[in-house]
Amino acid sequence: MRYDSDHKSETRKRVLTEAARDIRAKGPGGIAVAGIMARAGLTHGGFYAHFKSKDELIAEAIGTMFDDARGRFDKAMAESDPAAALRLYLDFYLSPRHRDTRERGCPLPALSSDLARLDPIPRARFGEGVAALTGRLADALDRHGIADATVAASSMLSEMVGAVSLARAVDDAAQSDAILENAAAMLRQRFGLEVAE
């Protein structure tokens, strides 16, 4: 049976959605192609109609994760005031909800420690995602009047990713919450994002 290009595109999208969910939950080394294909409603044999290799699947799934994260970022940045938009994004990113929804959250804290051990294709896709998010943060910081916005954005993103990673790693709930709260407070203070009372 022949399928049109829309069917193939939709099928590929289902596979990528399942792969992205698995990678976030288990890391790229923990995924099984057969399970991903089954959850997408396909056989394992159909994999090669869509991807040349597991590395290509991982790279494309990472792209899907960054596309999802971009939607959340763009929603926050829809706020016309750049300070309010940045606050909104910080409030989301450094929240217990984001910490606790690894399977749907930003790919940076979920994958940073794993990517160094992967092949160049997934690492390159991850690097593209980091650069794109840094650029979007830099644009918002520039509109907010922050000097050296690209350097500031890189620092801000690193702190946010580090805070979420640490908050997920510690076992004590109060300590985890404090990591997020302290990071958010310091970033708001450093970048002039505090709400005037």
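Here, each number is a calculation from the coordinates, and none is a lab measurement. None of these values were measured; they are calculated from a predicted model. As a convention, Cβ positions derive from the backbone with ideal geometry for all residues, glycine included, and neighbour counts pool all protein chains shown.
Odds and ends about this structure:
- With R₀ fixed at 45 Å, the C-beta to C-beta distance from TYR48 to ASP91 puts the FRET efficiency at about 0.55.
- Only DSSP H runs of four or more residues enter the estimate; each adds -39500 (n - 2.57), and after division by the residues of the chain the mean residue ellipticity at 222 nm equals -24000 deg cm²/dmol.
- In nm, spacing of pseudo-spin labels at SER155 and ALA124 (7 Å Cα→C-beta vector): 3.2 nm
- Prolate/oblate/rounded call for segment 109-197, Cα gyration tensor, a/c under 1.5 rounded: oblate
- Within segment 11-35: backbone nitrogen closer than 11 Å to the ARG117 label point (7 Å, Cα to C-beta): 27-30
- At full extension, ASP148 and ALA178 could sit 7.9 nm farther apart than now, given 0.36 nm per residue minus the alpha carbon distance.
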